[in-house]
Each structure stands twice: as C-alpha cells, then as structure tokens.
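Worksheet: the structure to be examined is printed underneath.
Every read-out reported here was derived from the displayed coordinates using simple, explicitly stated rules and does not represent laboratory data. Quick caveat, the model's predicted, so the values are computed rather than measured. Ideal geometry is used to build each Cβ from the backbone, glycine not excepted, and the neighbour counts take in all protein chains shown.
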C-alpha cells in the first residue's frame, strides 16, 4: 500500500467521521520546520496549498504539534486561522504522532462557525493515531525496500565481478582436462576434475545470486515486465532439460495446453521459474523415474504442475524450502550440485508476477510443485 | 592450416581458446582490443573470427561485428564481410536459446557460452569454416 493512498483515506475518514466539509493532512518535512499538504478530502483543488508552509507561520499547526488538539471556533476572529483555506469558518487541528515522533497534522474544516467541540476531538484523535501508525509503518517499509534494493545492487555488482574469473578458470581447466595441453596422468585428471566440479558449483552460485538480486530489484532484470506467453516458456524449458533427463534415464513428458496462456511477467523470469522447478525434479529423481509437466487453464488461472517420482521432501524441511541457502538433508546427501537459492528465486518471481506456488511431497514417492498465474487477456 | 582470429581482452581466456584450437590444427592469432582486431582482420584474413562481446567497453564486440558486416559497398571491410563470426557470450543458457543468429539484431553466425566447453567450441568452429567454404 502506498503512502499517498493511506493519507487520502485518512483525510476521507476524518471528514466522514466528523461530517465536516473538508479535511487535509499536512506532513512534516525531514527538517521538521515545514509542513506540506499531502492529501485532502472535499477541499477544492484551488484551495489546496501545495507549497511547504513554515510552522512558524502557522500557529494552528504549531499548537497542534505541541501535542495539543486545537479548535478554531471562528476563523474570522482568530489569528491562528491564517492558514485555514478560504471559505471555511471553523477548523479543528490534531497532531499526527506515532511513538512520540511527530509526523504532521490532520485538519478538518467546516463552512459554518462553532462547528467543532471537545467531543469531535475525542472522535478524531483515535483516527489520527491509527493514521500516524500507518504512515510510520509505510515509511519503514519503504526504507526497508530501499535497503533490500541496495543490497541486491551490491550482490549484482559483486557477482558480476566474480563471474569473469570463475568462467575463465573453468574454461582453462576444461581445455587441460580434455588433454589439449598434453596427456594427463589419472591422478592429474582426477584432481582437475575436482577443481572443475568446484568451479561448476561456484558458477551456479553466482548465477543464482544474480537471479536472486534481479528478483529483488526489478531494474536489474534483463527485460521490462509485460504480457508474455506462458506456453512458450514451458516449451523452452522442456527443450533445455530434455537432454539432461534422457542422460539420466528419466521419462520426461509434457502435457501441453492448446490455448495460449498469456500472463504478466518477463520471458526471462518465467523461464527461470520453470527451469528451476523442472531441473530440481530432474536432479532429485533417480534413474528410471519420471517427470511430468502439465500446463492447463483453471478458471482465470494459468497453471503449471511439475510432478516427479523422486526422493521427495521430508516434512520437517517443508517450512524451510523457501529460505535462502537452505537444502533439505536428503537432497544434500544425494551429492547433486545445489545452491539452496533456486526455490527462493522461484518464489520471488512468482510473487512478483502476482502468482502462487504450492507443493505436495512424500519422502520416497516424489513431489509436485504447482504454480498459478492470473491470465491476462490484453488487460491488466 | 585454417586461421582463426580471436578478439578477446582476457589473456587467460585466450589461452583457454588456444589450447583446443592449436591441438586440432588451427592457427590462432589474438587481438585484445576492437581496434587491434579490425586491423588484424585485414592483415591476417582469417577463416573465422572468435569475438568477445565485452572488450574495452561492454559493447565493443558488437561494434566490431557491425562494422565488419556493414552493408555499405564502400566499407573498408567489404572484402571481409563473409568471414564467419563466432561470438563468446556469458549469458545464461536459457537466454541463449532465444539469442540465435538474427541478422536484424546482431550480425554474427553463432554463439558459444562461457565457460567454454572445448568440444562445443571445436564443433562450432569446424561447422562455420566448412559452411563458409
């Protein structure tokens, strides 16, 4: 929920509760010396003073900001009413305060004089308190999101720098391993093979961290979000992972949906969701098992279900599956490369695109992950 | 002996390319900047160019390929326009599926993902040189 909407509701609420003619919210700036009208209700646009107002020039606000609700019975005879919009004869101004911090003031106005009394103050104060708490919470959330984005930026830059040396080292090792720098003894080949596997893991980790950063800060993603074809993304995933499934002796099948399912997101993001889910299924299903991907429309939802006959997820691991770097004990024991970031990336992206993810699993029998997205037919 | 010009600013990556190529009978010439690359195209007249996307700037590699494939008949590279180009990319595997040769987007003939798998590299090199002859 954004701040403007919260403030607009606060102004509307204040006007309705007191059945006043108009209401306005004035927020303090960072320095605490100026107030700006940030939301209003019932106030004609022409009367909405948008320039910051110095507190010292508004004794009405100044008084309220000492924590004291202030009533102006008749603006025509009260010097404190200097900044009450024209045409209103009475005003009530209460402080917006949260845990001792001043946030701003809440004003209500009436066209007639003598309109507000102590009873109105009693009605308005709880609303002002709830409003102030909402403003404080929203501001904290905005700050947290900014922090999260700057963390993502850092990870993005750092991993980009890491990727290049890892890539080069892996390329060198592979060339040597293939014997292009001369014949290798068994021992040398074994050691280089170990180095190569470690570099492989490092590369997966770097790629996952980049994906994770992109999921948290949309401006780091390669594409701008828009309408994309879900079927295409699933098709590409199957194409990419079919060879790996065959190599492992798995039966991988697609139950396609013949309707075009258009959803909100990016092609890249959807690919990552499905590549992560299907490659997990392939990774954690022993040879001879099967992986089934089905795509369907259920009401206004596009649904993709990835089912495997793999090792399954222990019940105690289920609550942790979407935690960064978590890996279920039986997955770790299998010796497959995994970073513990794949499902976190999936969940971030699914949430970003307005979707849902669900899972069912039984140890030794397999797992089913279902993702659903609202279908968009040209509108959003 | 077929000649390959590798335009890549990382000396270690050049070493990784050189090993499989030379072991398979190719002569490899290296250039580490876009400018040096363009100059060596004229000097060496390679059978194939291996080109990194990122050189001195993030898109210098793209610039080299665009200059080389310029449709302008007066272009100083007109004689070299048909040399096949294999581009080195560090893009995720899934993205590269849609990153196919697209004349309108980028005039290169094929892509190889980094880290380099020498067998994939050799196969693509062989195919591109055969096709161009």
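Here are the numbers for the structure shown:
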{"item": "Computed E for residue A:164/residue A:360 - FRET, C-beta separation, R0 25 angstrom, nearest 0.05", "result": "0.05"}
{"item": "Expected 222 nm ellipticity per residue - DSSP helices of 4 or more, -39500 (n - 2.57), all of chain B, to 500", "result": "-12000 deg cm²/dmol"}
{"item": "Fraction of alpha-carbon pairs over 30 Å apart in the protein assembly as shown - percent", "result": "64 percent"}
{"item": "Relative contact order of chain A, pairs being alpha-carbon contacts under 8 Å that are 6 or more residues apart, as %", "result": "11 percent"}
{"item": "Contact order normalised by residue count of chain B, Cα under 8 Å, 6+ apart, percent", "result": "22 percent"}
{"item": "Mean Cβ neighbour count within 10 Å, used as a protection proxy, ranking A:328-341, A:278-291 highest first", "result": "A:278-291, A:328-341"}
{"item": "Three-way shape label, the range A:3-139, alpha-carbon gyration tensor, a/c 1.5", "result": "rounded"}
{"item": "Estimated inter-spin distance, residue B:1 and residue A:36, nm [label 7 Å along Cα→Cβ]", "result": "7.0 nm"}
{"item": "Burial order of peptide ranges A:264-273, B:74-83, A:162-171, A:3-12 (average beta-carbon count within 10 Å, highest first)", "result": "A:264-273, A:162-171, A:3-12, B:74-83"}
{"item": "Mean Cβ count within 10 Å, highest first, over the residues of peptides B:107-118, A:186-197, A:126-137", "result": "B:107-118, A:126-137, A:186-197"}
{"item": "0 to 90° range, to nearest 10: angle between helix A:342-352 axis and chain A longest Cα axis", "result": "40 degrees"}
{"item": "Fewest-first ranking of B:29, A:176, A:234, using other Cβ atoms within 10 Å as the exposure measure", "result": "B:29, A:176, A:234"}
{"item": "Label-point separation in nm, residue B:119 to residue A:294, each point 7 Å along Cα→Cβ", "result": "3.7 nm"}
{"item": "Most mobile listed residue (B:73, B:46, B:20) in chain B, GNM with C-alpha springs under 10 Å", "result": "B:73"}
{"item": "Sum of -39500 (n - 2.57) over DSSP H runs of 4+, divided by residues of chain A (222 nm, nearest 500)", "result": "-15000 deg cm²/dmol"}
{"item": "Where labels lie 7 Å past Cα in the beta-carbon direction, separation of residue A:188 and residue B:127 in nm", "result": "3.1 nm"}
{"item": "Folded to 0 to 90 degrees: helix A:267-283 orientation relative to chain A principal axis, Cα", "result": "50 degrees"}
{"item": "Taking A:373, A:154, B:62 and counting other C-beta atoms within 10 Å, the order from fewest to most", "result": "A:154, B:62, A:373"}
{"item": "Distance from the range B:1-76 to the range A:165-185 (C-alpha centre basis), Å", "result": "22 Å"}
{"item": "Average Cα contact separation per residue, the range A:224-380, under 8 Å, 6 or more apart, as relative contact order %", "result": "25 percent"}
{"item": "Relative pair counts by distance (%), Cα atoms of the range B:43-89, 5 Å bins", "result": "5, 23, 29, 23, 17, 3, 0"}
{"item": "Computed E for residue A:122/residue A:143 - FRET, C-beta separation, R0 30 angstrom, nearest 0.05", "result": "0.35"}
{"item": "Average beta-carbon neighbours from other chains, 10 Å sphere, peptide A:339-347", "result": "0"}
{"item": "Folded to 0 to 90 degrees: helix A:3-18 orientation relative to chain A principal axis, Cα", "result": "40 degrees"}
{"item": "Fewest-first sequence of A:144, A:47 by Cβ atoms within 10 Å of each Cβ", "result": "A:144, A:47"}
{"item": "Inverse of mean 1/r across different Cα pairs in the range A:217-329, Kirkwood, Å", "result": "15.3 Å"}
{"item": "Average beta-carbon neighbours from other chains, 10 Å sphere, peptide A:3-13", "result": "0"}
{"item": "Additional length obtainable on full extension of the chain from residue A:258 to residue A:336, 0.36 nm per residue less Cα span", "result": "24.6 nm"}
{"item": "Residue mean of other protein chain beta carbons inside 10 Å, A:161-169", "result": "4"}
